[in-house]
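Engineer: Quick one: structure below, then a few questions.
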Amino acid sequence: MGSSNSDAYERAKRADAQRRKKAAALRRKRARRVRRMKLGILGMAAAIIVTSCIMYTIQGGKDNQTSGNFEQKQGQQTVLEAAAQIMQPEEKLKYPSVSENYVEIVSEDIMSPYIALLDVENGEVIAGRAYNEKIYPASMTKVMTLIVAVENIKDLNQTYSLSYEEIDPLVRDQASRAGFDPDEEVAAKDYLYGLILPSGADAAVALSNIVAGSEQAFAELMNKKCEELGLKNTHFVNSSGLYDEEQYTTPVEMALIMQYAMTNETCAQVLSTYQYTTSPTDKHPDGILLTSTMFSRMYGTEVEEVTITAGKTGYTQEAGNCLVSYAQKEGRHYVALTAGASYKWHTIFDDFEIYENYLP
């Protein structure tokens, strides 16, 4: 009996030691992450100061239109230059294959139930979790909305005013909005930034009407684009990402949509912007300061040797919290898709874990 108690005591001691060791490792890991975030903050501050000085010199301090913008600079390449080198517009997008070295993500440190990690240059899924399963895209939908709008609007300076009847249903549905008012004449370019940065459903409706006359007709163009890209399991019925059972995709196909968006200079610029101020209107004389829902939660430099350059968040009750992001490491490019998370910060920290542990 005494021996049995002694054995149980020793097992409990070993288990407690293991828990303490694991907790200490987790604290060290979090401390490293905090240090990287602090370095990222300092780097971002320096970049903003340098960029502001350069822009002021070039423009003579006269143009305040985009004074709130932050275009992500990556070493000697901008994200736009990098995107242009990956795939020329005339090239057909390759549907991703599964890498011979594919890794199934089983780590409990990564909370999202749906994951796809895409190697852009090789066109391969290199890691994932349920990467071919059906998911609801929520506001990640707006990446496709951006693509279709940019490819169909000839003049981004043309204006459109939303009516009260168009905005009211979005208010009642508690959809995220950029803040454009009824009867406000807004340029198409400003709607693009309103679509992506604050995830504005009002901007999605406006762009739909500019391009196709209605959201339903615009969704048909979105599905046509899906066919052109060779997507097999993606379908849209609206441009905002509000839940609909018939609006769905898969992690790997949403990652592919992001990859394609980053080959378009205008799309890449919008998706990589931290802040943007819209043009003055009679409703908003100082414009509206728009902030990225992704870059307001990260700096993009938290992971050593990796820079997250662009992305789009999403959330509905049915979809959970989602994020599709674009990153580069040592001149190579990757797309990470995380979806179905129960908390908005899970997708952010999941991205850090994925880029830190699953890139070549």
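Engineer: Do you know which residues across the range 198-237 are among the basic types (Lys, Arg) and touching a residue at least 24 places away in the same chain (Cβ under 8 Å)? Steps first, answer last, please.
Structural biologist: Residues of the range 198-237 that are among the basic types (Lys, Arg), as a first pass: 224-225, 232.
Correct list: 225, 232.
Engineer: Another one. Quick one: in the range 103-155, which of the residues that are charged (D, E, K, R) and assigned to a helix (DSSP H, G or I) is nearest to residue 191 (Cα to Cα)?
Structural biologist: Of the range 103-155, the ones charged (D, E, K, R) are 104, 108-109, 119, 121, 124, 129, 133-134, 142, 151, 154-155.
Applying the additional criterion that residues be assigned to a helix (DSSP H, G or I) yields 142, 151.
Numbers: 142: 12, 151: 14 Å.
Applying the filter and picking the extreme gives 142.
Engineer: Count, please, the residues in the range 168-181 that happen to be of a type outside the set (Phe, Trp, Tyr) and either buried (at least 19 other Cβ atoms within 10 Å of the Cβ) or within 18 Å of residue 290 (Cα to Cα) (or both).
Structural biologist: First, pick out the residues of the range 168-181 that are of a type outside the set (Phe, Trp, Tyr): 168-179, 181.
If we keep only those that are either buried (at least 19 other Cβ atoms within 10 Å of the Cβ) or within 18 Å of residue 290 (Cα to Cα) (or both) too, we end up with 170, 175-179, 181.
Qualifying residue count for the region: 7.
Engineer: Can you pull out the residues in the range 282-306 that are over 20 Å from residue 145 (Cβ atoms), surrounded by fewer than 21 Cβ atoms within 10 Å (Cβ to Cβ) and out of contact with any helix residue (DSSP H, G or I) (no Cβ under 6 Å at 6 or more places or on another chain)?
Structural biologist: Within the range 282-306, 282, 283, 284, 285, 286, 287, 289, 296, 304, 305 meet the criteria.
Engineer: When you check residue 208 against the structure, is it among the hydroxyl-bearing types (Ser, Thr, Tyr), under 16 Å from the mean Cα position of the chain (by Cα) and in the same structural domain as residue 289 (by TED's automatic domain parsing), yes or no?
Structural biologist: Details: among the hydroxyl-bearing types (Ser, Thr, Tyr): yes; under 16 Å from the mean Cα position of the chain (by Cα): no; in the same structural domain as residue 289 (by TED's automatic domain parsing): yes.
The answer is no for residue 208.
Engineer: Does residue 217 meet the test of being more than 30 Å from residue 98 (Cα to Cα), of a type outside the set (D, E, K, R) and in a helix (DSSP H, G or I)?
Structural biologist: Details: more than 30 Å from residue 98 (Cα to Cα): yes; of a type outside the set (D, E, K, R): yes; in a helix (DSSP H, G or I): yes.
It is true that residue 217 is more than 30 Å from residue 98 (Cα to Cα), of a type outside the set (D, E, K, R) and in a helix (DSSP H, G or I).
Yes/no per residue for (1) aromatic (Phe, Trp, Tyr); (2) at positive phi; (3) out of contact with any Cys (no Cβ under 8 Å at 6 or more places or on another chain):
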site: 179; (1), (2), (3): no, yes, yes
site: 189; (1), (2), (3): no, no, yes
site: 206; (1), (2), (3): no, no, yes
site: 212; (1), (2), (3): no, no, yes
site: 235; (1), (2), (3): no, no, no
site: 238; (1), (2), (3): no, no, yes
site: 252; (1), (2), (3): no, no, yes
site: 266; (1), (2), (3): no, no, yes
site: 277; (1), (2), (3): no, no, yes
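Engineer: Could you tell me which of the residues 135, 167 is at pLDDT 95 or above, more than 28 Å from residue 262 (Cβ to Cβ) and of a type in the set (Val, Ile, Thr)? Show your work before the answer.
Structural biologist: Working: 135 fails: more than 28 Å from residue 262 (Cβ to Cβ).
The conditions single out 167.
Engineer: Does the range 100-124 hold any residues that are over 21 Å from residue 344 (Cα atoms), in contact with a Leu (Cβ under 9 Å, 6 or more places away or on another chain) and buried (at least 22 other Cβ atoms within 10 Å of the Cβ), and which are they? Give the steps one after another, and end with the answer.
Structural biologist: Let us first name the residues in the range 100-124 that are over 21 Å from residue 344 (Cα atoms), namely 100-104, 118-124.
Next, only the ones that are in contact with a Leu (Cβ under 9 Å, 6 or more places away or on another chain) stay: 103, 118-119, 123-124.
If the condition is that a residue be over 21 Å from residue 344 (Cα atoms), in contact with a Leu (Cβ under 9 Å, 6 or more places away or on another chain) and buried (at least 22 other Cβ atoms within 10 Å of the Cβ), then 118 is the only one that fits.
Engineer: Further question: Among the residues of the range 250-259, are any farther than 20 Å from residue 354 by Cα and touching a Gly at 6+ places or on another chain (Cβ under 8 Å)?
Structural biologist: Initial filter on the range 250-259 (farther than 20 Å from residue 354 by Cα): none.
No, because not a single residue in the range 250-259 is farther than 20 Å from residue 354 by Cα and touching a Gly at 6+ places or on another chain (Cβ under 8 Å).
Engineer: Identify the residue in the range 220-241 that is in a helix (DSSP H, G or I) and in contact with a helix residue (DSSP H, G or I) (Cβ under 9 Å, 6 or more places away or on another chain) and, among all such residues, is surrounded by the most Cβ atoms within 10 Å (Cβ to Cβ). Even if it seems obvious, please write down each step before you answer.
Structural biologist: Step one: of the range 220-241, the residues in a helix (DSSP H, G or I) are 220-228.
Cutting the leftovers down to in contact with a helix residue (DSSP H, G or I) (Cβ under 9 Å, 6 or more places away or on another chain) gives us 220-222, 224-226.
Values: 220: 14, 221: 21, 222: 25, 224: 11, 225: 19, 226: 20.
Taking the candidates together, the pick is 222.
Engineer: Can you tell me which residue is nearest to residue 141 (Cα to Cα) among those in the range 184-199 that are within 14 Å of the chain's Cα centre (by Cα) and not in a helix (DSSP H, G or I)?
Structural biologist: In this case the residue turns out to be 199.
Engineer: Let me ask something additional. Condition (residue is within 11 Å of the chain's Cα centre (by Cα), over 27 Å from residue 94 (Cα atoms) and not small (Gly, Ala, Ser)) applied to the range 303-316: is it met by at least one residue? Spell out how you get there, then give the answer.
Structural biologist: So in the range 303-316, the residues within 11 Å of the chain's Cα centre (by Cα) come out as 308-314.
Going one step further and asking which of them are over 27 Å from residue 94 (Cα atoms), we end up with none.
No, because not a single residue in the range 303-316 is within 11 Å of the chain's Cα centre (by Cα), over 27 Å from residue 94 (Cα atoms) and not small (Gly, Ala, Ser).
The values are calculated or read from the model by the stated rules, or taken from the named source; none is laboratory data. The shown structure was predicted, so the numbers you read here are calculated from the model rather than taken from an experiment. As a convention, Cβ positions derive from the backbone with ideal geometry for all residues, glycine included, and neighbour counts pool all protein chains shown.
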